[in-house]
Every structure is written in structure tokens, then in C-alpha cells.
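To start, the structure itself, in C-alpha cells.
Since every read-out is calculated from the coordinates, none of them should be taken as a lab result. These numbers were taken from a predicted model, which means no experiment stands behind them. Reconstructed Cβ throughout: ideal geometry from the backbone, glycine too, with neighbour counts over all protein chains shown.
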């Protein structure tokens, strides 16, 4: 009979096997990213920030990433859209500034499952186009079953160089990503597990450009996206 090993980590289906837990394991990949941030009404944004957090600015950060050469996918790749807000976590013992993840859309199953169960990042599926590039213009679309709900664009106006690039590199070397790991009870209201999770990340920036970004959100109907239309 199958029996889980104490020093292994597993994802469902557990009986397919897992791997020995290694606290030194690093996820590495190359990334091409677009980051567009905008100011919104703080009172509205706070409706999505759980108790225990303080919203530091009425700002929404929307990021497209194309990840390639991913070590744990043996060279595979996928795209994502990350939506977050700057927060301060007030714990019983500690305080921490970081980025609270409101939602992440991804176009591959494997990173969605691991991200939800293991790191508490609220990942869900969407079709995410690779970047369409006609320099200095960049664009992508995000959809579900053929129904587009986000158009994201960027027009580069210049390269970031010198001290500005050095400051950007320093900023992205260490990032505190915060998520809410929530596992609902079976056949009853409430949660079997509800905890906030720190998912530290870092990025070695090679080149960067500044410019003007655009976002167009399209509200879908229940028939177009029954699980996410709200």
C-alpha cells in the first residue's frame, strides 16, 4: 500500500509520488515583463485587502511575464498576468512591507496547481497571448474561451540607464510577495486552512525601458466566464 514519506513533499494525486523536500531549492527562469501601475480609489481597493493588512497606497500593479528556460519545467515556458497592491502586514509578532497578490492568471496547469497549494498564490487559468512586438510598441491580450477581458499595451519611450538602472536592479533583487492560502472545508462552510504566506522572490534585471502603459478591462457575462465574471 502507498504510504507518504515524512521528508517528501507531495501534490495531488499524492499516490503518484513526490520529491524529497529541499529547503535550498531555487526556481530559476528567464523573464520578459511588462509592468503597468495605476492609481485607483483607496476605499474600493481596500474591499479586496484582508484584515491584518494595511494598504500603503491606492495603487494597482499589473504585470505581464513570459517565463522561459524554467528549471523545474525542464526548460518549459508559460505566461502570466499578476495583479497586486502595496501593503504592510501586521502580524502578532512581526510587520512586513510587500506586495499582496490579488490574482494571478496563468496559461499552464502545472504552475497553477503548485502555486495555489504550496505557496498560497491565488492562481487561475486564462489564455494569455505572447507579446506582440512592433518596437516601440508591445501588446498582449488575456481571454477565457475566446472572450477577451484584458488588453494590455506598452509604448517604450526610452531606455533606463546609469543610476536609474542601478536603483531598479537593487529594487528587484528582493521582493516580498504575500498571498492568502485558503483551503475550504468539504461539505461545510469555513476553511480547513486559512493562512497568510510570504513568498520571497528576486529578479536580476538586465535591461529596462520606461514608457506609457495602457490597460483595457472588459467585464464578461456569466455565460462568457461562469467562474470569474464578477
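Helix 162-172 versus the longest principal axis of the chain: what is the Cα-based angle in degrees, 0 to 90, to the nearest 10?
It is inclined by approximately 20 degrees.
Can you tell me the FRET efficiency between residue 48 and residue 135 if r is taken as the Cβ-Cβ distance and R0 is 35 Å, rounded to the nearest 0.05?
With R0 = 35 Å, the Cβ-Cβ based efficiency is 0.50.
Figure the gain on full extension for residue 217 and residue 156 (residue separation times 0.36 nm, minus the Cα-Cα span) and round it to one decimal in nm.
Numbers: separation 61, 0.36 × 61 = 21.96 nm, distance 2.12 nm.
Stretched fully, the residue 217-residue 156 segment lengthens by 19.8 nm.
Using the beta-carbon distance between residue 72 and residue 210 and R0 = 35 Å, what value does 1/(1 + (r/R0)^6) give for FRET efficiency, to the nearest 0.05?
For R0 = 35 Å, the calculated efficiency reads 0.65.
For every helix of n ≥ 4 consecutive DSSP H residues, a contribution of -39,500 (n - 2.57) applies; sum these over the chain, divide by its total residues, and give [θ] at 222 nm rounded to the nearest 500 deg cm²/dmol.
-3000 deg cm²/dmol
So how much slack lies between residue 2 and residue 227, counting 0.36 nm per residue of separation and subtracting their Cα-Cα distance, in nm?
Stretched out fully, the residue 2 to residue 227 stretch lengthens by 77.5 nm.
Take the chain, drop everything but the C-alpha atoms, weight them equally and run the Debye formula without solvent; then report log10 I(q)/I(0) at 0.14 Å⁻¹ to two decimals.
-1.09
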